[in-house]
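Encoded as structure tokens, the structure appears first; notes follow it.
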Amino acid sequence: MEGFDEEEIVEPVSPTGQYLTSSSLSIYILAVLETEVPIDDSQTVPLLHNLFLPINSRFSSIMIRDKNGEKKWKKVEVKLEDHIKVPTFPNGKSSNFLYDENLDGYMSRIAVEHLPQHRPLWELHIIKYPTSKAMGTLVFKLHHALGDGFSLMGALLSCMQRADKASLPFTLPSSERPKSPISNTKEVFKRLPSILLRTISEFGWSLLKSNLVEDDQTPIRSCAEDTKTRHITISDVSFSLDLIKELKSKLGVSINDVLAGVIFFGIRLYMQEISLKSSQSQSTALVLLNTRNIEGYKSVKEMVEKTNSRSAWGNQYAFLHVPIPELSDSKYANPLEFIWEAHREMTKMKNSLATPLTGMLLDMLRKLRGPEAAAKYLHSTLRNSSTTISNMIGPVEQMAVANLPIKGFYFMVAGSPESLTITIMSYMGKIRIAFGVEKDFMDKQLLKSCLENSLGMIIEAAKQLKA
């Protein structure tokens, strides 16, 4: 859209926002809230007007180009009725009066639909039909250009209240943040040679993976041509957070290490079920990291405050190329190796400078060749890997919106050129691992079974360790 009054401009679109709304990439986030009781949507419009829109001006803005071709956010009048979708499912398709299949099909369809550019880049889908998991389902579909998971989670919590006592704030599970080995001057000089060597190695590997070296074609990577939007189907599996914490304590690693190990082992079990030789193939996961140096979600007011750069609203993340360990006989016999290997790889990469260098490379590409070139580089990075893993921390207490208690919560990222996208969400003492798989290529039920078997085998292996 062209032509506007300069005074109407809210702010320039961030570099990452430009990458994610390019001809190469268009990424969406689906936040799925499962309700404990049937949904009464009579107050939807006033709730969105009074709670959601004031959170950030981007929810009331469209993306336009100025006279120099730069993308900007322009505030517009929002017609909320255009953003609210209430589907009607056909009768008689379910003998037990549950609509799981209908919801699965609906989610697959909206995941690949592009949002209209002439209105703000979000929608709320209200599914009033019961499923085996909930009495109703709310799906917020937001363009990733609006912000990353951290920003949008903070926005969501601003709309919610605690179901047990609305006047109390939410609490988040404690997260261990190990001290950086390069946190003081002495350590910097002591470790400088190894840091530089590691950085050169990791940055070089990242360049190769983004430009030249593709993962093998496997049961989790179709290598299908990107001539059209990749259709996905979504499923998930739930684990006890306390159980994951027990494994973390017993193995002396982080929660993320345990989850990565469970996922990597589950992926290899799935690949082996489909094709025995693929368990030895070269496969890489892109693990997304929040780059803010913070301990928890800030209030929306803090996030939009320009001076608070550590937790500013927007897209602030980076990714690590983590090899998915091969499934050898020894690792099948002792799957704890998947957790320890994930721990070694991610610790090594977090302690190198390759991640910020990759961000600098993208920024340099944008300045020299424009945002489309940077977007193509990012697309190639995704395209050459086998999966992306991102995680978010949700509240310990049950959430409620307009006295509607939320019993389940997860999210999914749509629009990636990969055949498998994995997200991790903690909420009310549960870890929810959701996965979007390429439709008619991957078997989501088999993947779910393999992830469950992975955790079971890892638990059994951990029992064999000496106390």
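The values are calculated or read from the model by the stated rules, or taken from the named source; none is laboratory data. None of these values were measured; they are calculated from a predicted model. Here Cβ is always computed from backbone atoms with ideal geometry, including for glycine, and neighbour counts include all displayed protein chains. Ligands, DNA and RNA are excluded from the accessible area calculation, which covers all protein heavy atoms including side chains. Shrake-Rupley method; radii C 1.70, N 1.55, O 1.52, S 1.80 Å.
Worth pointing out:
- Condition check for Ala402: touching a helix residue (DSSP H, G or I) at 6+ places or on another chain (Cβ under 6 Å) and either surrounded by fewer than 23 Cβ atoms within 10 Å (Cβ to Cβ) or among the basic types (Lys, Arg) (or both): yes
- Of residues in the range 247-267 being in contact (Cβ under 8 Å) with a residue 24 or more places away in the chain and not in a helix (DSSP H, G or I), the one surrounded by the fewest Cβ atoms within 10 Å (Cβ to Cβ): Ser254
- Cβ-Cβ under 7 Å pairs, at least 6 apart or on other chains, the range 437-451 side under 14 Å from Arg268 (Cβ atoms), far side assigned to a strand (DSSP E or B) and hydrophobic (A, V, I, L, M, F, W, C): Leu447/Phe435; Leu447/Val437; Leu451/Val237; Leu451/Ile433
- For the criterion of being farther than 30 Å from Pro38 by Cβ, open to solvent by 30 Å² or more (accessible area, probe 1.4 Å) and of a type outside the set (A, V, I, L, M), Lys448 fails.
- Flag if Asn50 is more than 24 Å from the chain's Cα centre (by Cα) and not in a loop (DSSP other than H, G, I, E, B): yes
- Taking the criterion of being touching a strand residue (DSSP E or B) at 6+ places or on another chain (Cβ under 7 Å) and either closer than 21 Å to His114 by Cα or buried (at least 17 other Cβ atoms within 10 Å of the Cβ) (or both), the residues of the range 21-40 that qualify are Thr21, Ile27, Tyr28, Ile29, Leu30, Ala31, Val32, Leu33, Glu34, Thr35, Ile39.
- Of the residues in the range 420-434, at least one is of a type in the set (S, T, N, Q), at pLDDT 95 or above and within 21 Å of Tyr28 (Cβ to Cβ).
Residue by residue, here is whether (1) under 25 Å from Asn50 (Cβ atoms); (2) open to solvent by less than 10 Å² (accessible area, probe 1.4 Å); (3) touching a helix residue (DSSP H, G or I) at 6+ places or on another chain (Cβ under 8 Å); (4) free of Cβ contacts under 8 Å to residues at least 40 places away in the same chain holds:
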site	(1), (2), (3), (4)
Ile110	no, yes, no, no
His118	yes, no, no, no
Ile126	yes, yes, yes, no
Ser132	no, no, yes, yes
Phe140	yes, no, yes, no
Leu156	yes, no, no, no
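- Counted as qualifying within the range 317-406 are the strands (runs of 3 or more DSSP E) with 2 or more residues that are modelled with pLDDT under 85 and of a type outside the set (A, V, I, L, M), namely 317-323.
- Any hit, the range 423-440, residues being among the acidic types (Asp, Glu), over 25 Å from Cys223 (Cβ atoms) and either in contact with a strand residue (DSSP E or B) (Cβ under 7 Å, 6 or more places away or on another chain) or not in a strand (DSSP E or B) (or both): no
- Meets criteria (touching a Gly at 6+ places or on another chain (Cβ under 6 Å) and either modelled with pLDDT of 50 or more or open to solvent by 20 Å² or more (accessible area, probe 1.4 Å) (or both)) for Tyr270: no
- Matching residues in the range 116-134 - criterion: being under 19 Å from the mean Cα position of the chain (by Cα) and in a loop (DSSP other than H, G, I, E, B): Leu121
- The selection criterion, being assigned to a helix (DSSP H, G or I), over 22 Å from Val112 (Cβ atoms) and open to solvent by less than 10 Å² (accessible area, probe 1.4 Å), holds for Ser454.
- Taking the criterion of being modelled with pLDDT under 90 and either surrounded by fewer than 14 Cβ atoms within 10 Å (Cβ to Cβ) or on the phi > 0 side of the Ramachandran plot (or both), the residues of the range 47-85 that qualify are Lys67, Asn68, Gly69, Glu70.
- Matching residues in the range 48-75 - criterion: being of a type in the set (Val, Ile, Thr) and within 16 Å of Ser14 (Cα to Cα): Ile62, Ile64
- Residue among Ser222, Ser201 that is modelled with pLDDT of 65 or more and under 22 Å from Glu326 (Cα atoms): Ser222
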